[in-house]
Structure formats: C-alpha cells, structure tokens
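Asks: First the structure, then my questions, so here it is.
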Amino acid sequence: MAVAVAFAFVNGVNDGGALLSVGLSVRGHRPLIGVVLAALFVALAPLLVGTAVAATLAGRLVSFDGADGQLALTLAVVASVTVTWLLAARGLPTSLTLAVVGAIAGAGVGAGLPVTWSTVAQVLVLAALAPLAGVLVARGLGRVVTAWPSPGPLDQRVRRWHRLGFLAQCLAYGANDGQKMLAVLAVAAGTASADGVPLVTWHLAVAAGAFLLGAVVGLPRVARTLGSGVVPSRPHQAVVTELSSASVVLATGALGSPVSMTQAISGGLVGSVLERGYRSVRWRAVGRLGTAWIITLPCAFAAAALATLLTLAVR
C-alpha cells in the first residue's frame with residue numbers, strides 16, 4: 001500500500017506540470033487552481049466513465065492473483081518509476097504510462113504469470129498512434145479555431161474556450177492516466193478481480209490526494225520541459241492542444257487502453273503550431289522525447305522481469 005500511495009505521488013510529480021504547462025500561455029490561468037481541478041478529476045472521472053483502463057492494467061495484461069501477483073505488481077511499479085526517473089535525470093523526460101505497461105508485462109514474465117500478449121500489443125499500438133493522432137486532430141481543430149468568425153482578436157476569444165479545454169483535459173487524464181493509480185491501489189488492497197476494478201471511495205480519495213501533493217511538488221520542472229521545450233505556444237494553440245489531447249485520450253480510454261496524456265499533449269502541441277510552418281517546431285526536442293518513449297518500454301520490461309525473477313528466487 002505504501003508503494004501504491006507513492007506511485008500516485010510520482011504520477012502527480014510527472015504529469016501534473018504537463019497538464020498545466022500548455023495553458024500557462026493563457027492569461028488568467030492559475031496553476032494552483034489547475035492542479036486542484038486535475039486532482040478532483042482523478043477521483044471523479046472513474047465515477048463518470050467507468051474503470052475499463054484500470055481493469056486492463058490490473059488484470060487484462062497480466063493476472064496478478066495471489067501473493068506472488070501482488071509482489072510482482074509492486075516490483076513493476078518500482079521498476080517503472082525507477083526507469084522514468086533515471087531517464088528524466090539524463091534529460092529524457094518520458095511517459096510513465098509506457099513504463100508501467102512495459103513493467104507489468106516484464107513482471108508477469110519474471111513471475112511466470114500468464115501474460116495476454118494480444119492485449120499488450122493492442123495497448124502498444126494505440127500508445128504509438130496517440131502522438132500522431134494528437135498532431136492530426138490539433139491541425140484540424142487549429143483550422144477551425146482560426147477560421148471561426150468573431151469580431152474580437154483571436155487570442156482574446158479563445159480564453160473563453162480555454163476553460164472548456166482544460167476541463168476536458170482533466171477529465172481525460174482522470175479517465176485514462178489517473179486510473180493507473182486506481183489499478184495499483186486496487187491490487188494492493190486485494191479488491192481487483194477478474195470482473196474488474198471496483199470503485200472504492202477511499203481508493204479514489206487517496207489517489208487524488210497523493211496526486212495533488214505530487215503535482216504541487218513537480219509543477220515547475222515539468223512545466224518548463226513541455227511548456228517551452230517542444231514549441232512556443234500561443235493562447236489559441238494552447239486551447240487547440242488541450243482539446244485535441246483530451247479527445248485522443250478519451251477515445252482510447254473508451255477502448256480500455258491506457259495511453260499517456262503527456263504523449264497526446266506533445267502531439268497536440270506540434271500539430272497546433274504547424275500552421276506557422278515546420279520550422280516553428282523544435283524538432284530536436286521532439287526527437288529527444290521520441291527517443292525516450294522508444295527506450296522506456298524495453299527498459300522497464302527488463303528491469304521488472306529481472307527484479308521479479310531474482311526476488312522470487314531469493315524468497
């Protein structure tokens with residue numbers, strides 16, 4: 001349970017700033033209110049859209065039944081967090097969701113548990129498509145926003161849409177990324193089963209509280225990475241990014257497939273700025289993110305498999 005709570009905290013550190021960084025270019029965007037809203041949706045989103053993503057992580061990829069299953073998931077969580085932080089320390093900020101998926105599969109192999117490789121493949125395909133989908137959706141929305149008839153300047157009228165975009169982004173995060181925390185808590189508490197992950201009030205409250213604390217701690221570092229590392233975002237581009245990333249993540253969540261919000265945001269940022277030309281995108285930063293995503297999953301898989309195999313052998 002301590003590892004599960006720490007995992008929710010790390011999600012806040014890793015993802016909280018990414019959620020807010022895009023909207024920082026919109027005047028009146030208050031970071032503290034933003035992290036509170038994001039944490040609130042971590043608790044509320046499963047009540048609104050269900051727990052399909054949590055069920056995938058808790059049982060559809062690998063069946064974590066019994067004491068060995070709980071131990072394997074615990075080691076998978078530790079491995080995913082370790083790999084994510086090591087890559088970030090080397091200037092390669094990556095997706096914790098990718099690390100979790102890889103570590104879960106690796107822990108299953110290390111513990112000799114049944115791994116549903118078809119589900120793993122489906123998750124990986126959708127994860128790979130998420131940034132590209134973010135680019136395409138953002139380009140389409142960008143054209144609609146800039147062509148929308150209005151007497152006021154573009155950057156002024158989009159501020160009204162920013163509230164809707166940010167709320168949609170928070171809902172999408174809670175409906176997808178936020179369910180990682182719920183899945184780990186459910187397995188740790190022994191409430192996850194083949195039928196899915198039940199909605200337990202104190203699980204939702206603990207996940208939201210730990211995420212909020214982590215988001216407050218990690219906001220400055222992650223906001224600098226995504227807010228200025230990929231593209232220089234103007235207010236209307238920020239709104240387009242929020243709406244496009246939310247739509248992509250909500251769509252994959254409806255399929256029960258965990259997809260990283262940070263990947264969708266990165267794709268949305270690139271797509272929103274392409275209207276100004278390809279040279280407006282900092283492709284070196286994009287390449288660095290892509291490199292981190294590519295190496296995250298195999299590193300997490302290997303670390304979790306080795307840790308689980310050695311731990312069970314020693315025990």
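Asks: Check whether at least one residue in the stretch 71-86 is surrounded by fewer than 21 Cβ atoms within 10 Å (Cβ to Cβ), within 16 Å of Thr262 (Cβ to Cβ), within 16 Å of the chain's Cα centre (by Cα) and of a type in the set (Gly, Ala, Ser), and report yes or no.
Replies: Checked against the condition, which is being surrounded by fewer than 21 Cβ atoms within 10 Å (Cβ to Cβ), within 16 Å of Thr262 (Cβ to Cβ), within 16 Å of the chain's Cα centre (by Cα) and of a type in the set (Gly, Ala, Ser), the stretch 71-86 yields no hits at all.
Asks: Something else: Suppose the filter is at pLDDT 80 or above, crowded, with 24+ Cβ neighbours inside 10 Å and within 21 Å of the chain's Cα centre (by Cα); does Val240 pass it?
Replies: Yes.
Asks: Right, something else. Check off (1) without any contact (Cβ under 8 Å) to a residue 40 or more places away in the chain; (2) among the polar types (S, T, N, Q); (3) surrounded by 24 or more Cβ atoms within 10 Å (Cβ to Cβ) for Ser118 and give me the number that stays unchecked.
Replies: (3)
Asks: Restricting to the stretch 302-315, and then to whatever is β-branched (Val, Ile, Thr) and at pLDDT 90 or above, can you tell me which residue is surrounded by the most Cβ atoms within 10 Å (Cβ to Cβ)?
Replies: Ranking the candidates gives Thr308 first.
Asks: Next up: Scan the stretch 65-76 for residues that are outside any loop (DSSP other than H, G, I, E, B), modelled with pLDDT under 85 and at negative phi and jot them down.
Replies: Within the stretch 65-76, Ala67, Asp68, Gly69, Gln70 meet the criteria.
Asks: Can you name the number of the only condition in (1) closer than 30 Å to Arg163 by Cα; (2) free of Cβ contacts under 8 Å to residues at least 24 places away in the same chain that Gly66 fails?
Replies: The number of the failed condition is (1).
Asks: Here's another thing I want to ask about it. Here is a check on your reading of the model: is Arg30 charged (D, E, K, R) and modelled with pLDDT of 85 or more?
Replies: Spelling it out, it is not the case that Arg30 is charged (D, E, K, R) and modelled with pLDDT of 85 or more.
Asks: Continuing with the same structure: Kindly provide the set of residues from the stretch 286-301 that are surrounded by fewer than 17 Cβ atoms within 10 Å (Cβ to Cβ) and touching a helix residue (DSSP H, G or I) at 6+ places or on another chain (Cβ under 7 Å), ordered by number.
Replies: Residue satisfying the conditions is Pro298 alone.
Asks: Assess whether Ala210 counts as being under 16 Å from Asn14 (Cβ atoms) and assigned to a helix (DSSP H, G or I).
Replies: In short, yes.
Asks: If you don't mind, another one. Show the residue pairs meeting these rules: Cβ distance below 7 Å; 6+ apart or different chains; first residue within the stretch 198-210 and exposed (fewer than 14 other Cβ atoms within 10 Å of the Cβ); second residue in a helix (DSSP H, G or I).
Replies: Filtered contacts from the stretch 198-210: Ala205/Ala43.
Asks: Quick one: Glu275 ticks every box in (1) part of a helix (DSSP H, G or I); (2) of a type outside the set (Lys, Arg); (3) at pLDDT 80 or above; (4) over 19 Å from Thr97 (Cβ atoms) bar one, so which box is it?
Replies: (3)
Asks: Could you tell me which numbered condition Thr94 fails, if it satisfies all but one of (1) assigned to a loop (DSSP other than H, G, I, E, B); (2) over 15 Å from the mean Cα position of the chain (by Cα); (3) under 20 Å from Ala6 (Cα atoms)?
Replies: (2)
Asks: Right, another one. Look at the stretch 28-64 and say how many of its residues are among the β-branched types (Val, Ile, Thr), part of a helix (DSSP H, G or I) and either more than 18 Å from the chain's Cα centre (by Cα) or closer than 30 Å to Gly110 by Cα (or both).
Replies: 3
The values are calculated or read from the model by the stated rules, or taken from the named source; none is laboratory data. Nothing here was measured: the structure is a model prediction, and the numbers come from that model. Note that we place each Cβ from the backbone using ideal geometry, even for glycine, and neighbour counts take in every protein chain shown.
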